[in-house]
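Please read the structure below before turning to the comments.
The values are calculated or read from the model by the stated rules, or taken from the named source; none is laboratory data. Just so we're clear, the structure is a prediction, and the values are computed from it rather than from any experiment. No Cβ is skipped: glycine too gets one built from the backbone with ideal geometry, and neighbour counts run over all protein chains shown.
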């Protein structure tokens, strides 16, 4: 019994130290996300949450994705995404479920799509580049791990990451 209490107290102590370090070392957000008329998006409601809640969760996932893939945005730069439409991978097929739950069926013909404008800023806030994009990933279901993950918005985030790797990452090398 004493051994478990000691481990628990050490765990709490380490957890508090970790939280303190996270608060001190928290990096600035490198991606700013804005939605334009989210209620008019093609398909942006996840599991009956509504567009507003889905939007908040999606924004958190985008920030986490780019924090975990920090090499996609040049160091010291900031990316602003203004999302004008999203069509999530899969489709809700209410006729398939008799108990009324919304279930998203993911099939190859229900691929993710996203439209947005973007601006990349340097460390001083000056505009480096900008543009408009209409992404679609018709091969989303061929990604390794695509059907083995329970990560929310996995397909949309990987599509966005592929775009950032091709478009944004090379802009940091031009300076």
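Worth a mention:
- In region 141-157, residue surrounded by the fewest Cβ atoms within 10 Å (Cβ to Cβ) [restricted to those that are modelled with pLDDT under 85 and not in a loop (DSSP other than H, G, I, E, B)]: 142
- Flag for residue 39 being in a helix (DSSP H, G or I), over 20 Å from residue 157 (Cβ atoms) and modelled with pLDDT of 80 or more: yes
- Qualifying residue in region 48-71 (condition: over 14 Å from the mean Cα position of the chain (by Cα) and within 30 Å of residue 124 (Cα to Cα)): yes
- Scope region 65-84; condition loosely packed, with under 13 Cβ neighbours inside 10 Å and not in a loop (DSSP other than H, G, I, E, B); matching residues: 68, 70, 71
- Just one of (1) modelled with pLDDT of 90 or more; (2) more than 16 Å from residue 43 (Cβ to Cβ) fails for residue 136. It is (2).
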